[in-house]
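Encoded as structure tokens, the structure appears first; notes follow it.
The values are calculated or read from the model by the stated rules, or taken from the named source; none is laboratory data. The structure presented is a predicted model; accordingly, all values stated were derived computationally and were not measured. Cβ coordinates were reconstructed from backbone atoms using ideal geometry, including for glycine residues, and neighbour counts include every protein chain displayed. The area values use the complete protein model at the heavy-atom level, side chains included, leaving out ligands, DNA and RNA. Shrake-Rupley method; radii C 1.70, N 1.55, O 1.52, S 1.80 Å.
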Amino acid sequence: MPLPVIEDRGCEGCTACCEFPPIRTEKLQKPANTLCPHCAEASGCTVYEVRPDVCRGFYCGWFFLPELTSDWHPVRSGVVIRSEHFEEDVVTLLILELSAFLVSEEFAGMIGAWVEQGVGVEFERVGPPGHLPAKMRMNELLAEAVAARDLREMQKVFAWSLAHIERSHDWEKDETLLASTLS
Ligand code: SF4
Ligand code: SF4
């Protein structure tokens, strides 16, 4: 069942959605991890009135999960919770940057709670510019540390898995070519 958007939550200047995903619409195409040519640093979308439906309809997990504290906002955490898999009971955390938040009790506590509830947890790392992201399922890797309430061990697993993705993933190039007829 779709979750309702929490009304008082906003993007707060975050433009991650205009950069990390590939966009393949009739009027706008751009590869993954490439800033949309219509995104201006200070003012955001410069074609707001005519932006594609895919831009209008996307909200990250920050907008749906009341249990997230303000530290979880993508501009502060460097983490975008993807909402596309909520209906499959999976939380995918796209790690945009290796921020201090990733070693906080707040982060580990929330991940541990999801693992204990049986929610699927995936870590996803943004690829190099023009490449698709890569992800890893975390539940089995974290099961022992979560059961033991061992935050330090959980943090070791986080660090290991993110380093493993970086080191061993064969990043797939996104062949989408940058093009736009929006104005
Ligand atoms: S990641 Fe979330 S907060 Fe950032 S631009 Fe997208 S919807 Fe807004
Ligand atoms: S068209 Fe606007 S909302 Fe869509 S990706 Fe580009 S800048 Fe962002």
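Two numbers describe the Cα atoms of the stretch 10-99: Rg and Dmax, which are 13.3, 37 Å.
I need the shape label for the stretch 46-123. Rule: rounded when a/c is under 1.5, else prolate if a/b > b/c, else oblate, with a, b, c from the alpha carbon gyration tensor. The shape class here is oblate.
Dipole of the chain, Cα-centred, from +1 at each Lys and Arg C-beta and -1 at each Asp and Glu C-beta, to the nearest 20 debye?
Numbers: 16 positive and 29 negative charges, 91 e Å.
Once rounded to the nearest 20, the dipole reads 440 debye.
Using a 1.4 Å probe on the protein heavy atoms, what percent of the accessible area of the chain belongs to carbon and sulfur? Present the calculation step by step, with values, prior to reporting the outcome.
Working: 5460 of 10260 Å².
It is 53 percent, rounded to a whole number.
Label zone of L182 (point 7 Å out along Cα→Cβ, amide N under 20 Å): in the stretch 48-62 this covers 48-61.
Taking a label point 7 Å from the Cα of A143 along the Cα→Cβ vector, which residues of the stretch 82-122 have an amide N closer than 15 Å to it? Once the point is set 7 Å along Cα→Cβ of A143, 115-121 turn out to lie under 15 Å by backbone N, inside the stretch 82-122.
State the answer as a single residue: which of A134, A100, S183 lies farthest towards the positive end of the charge dipole of the stretch 73-183, with beta carbon charges of +1 for Lys and Arg and -1 for Asp and Glu, about the Cα centre. With unit charges placed on the Cβ atoms, the residue in question is A100.
Whole percent per 10 Å bin, from 0 to the bin with the longest distance: what is P(r) over all C-alpha pairs of the stretch 16-180? The distribution over the stretch 16-180 is 10, 36, 35, 16, 4, 0, given as percents.
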